[in-house]
Amino acid sequence: MTYFDYQADNLYAENVSVSAIAEQFGTPSYIYSRKALEQHWLAF
């Protein structure tokens, strides 16, 4: 399963536009997937 993917040539992190995150918080930014972190935590 992927948590970061492209939709219409735009990168999304869990259905949130990375461009929108960059506009709101500036760059550089660290973007984490909560779902990915939870999945790996539970697998540990």
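Laboratory data are not the source of any read-out in this text; all were calculated from the coordinates shown. As the structure is a prediction and not an experimental result, all values here were calculated from the model. Methodologically, a virtual Cβ is constructed for each residue, glycine included, from the backbone with ideal geometry; neighbour enumeration extends over all protein chains shown.
Summary table
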item: 5 angstrom amide H check on Ser17, placed H, neighbours 5+ away; result: none
item: Cα-projected label distance for Ile31 with Glu14, points at 7 Å along beta-carbon direction, nm; result: 1.3
item: Backbone HN-Hα couplings from phi across the stretch 27-40 [Karplus 6.51/-1.76/1.60, Hz, Gly and Pro as x]; result: 10, x, 9, 9, 10, 10, 9, 4, 4, 5, 4, 4, 4, 6
item: Extension gain (nm, one decimal) between Ile21 and Asp5, 0.36 nm per residue minus Cα-Cα; result: 4.3 nm
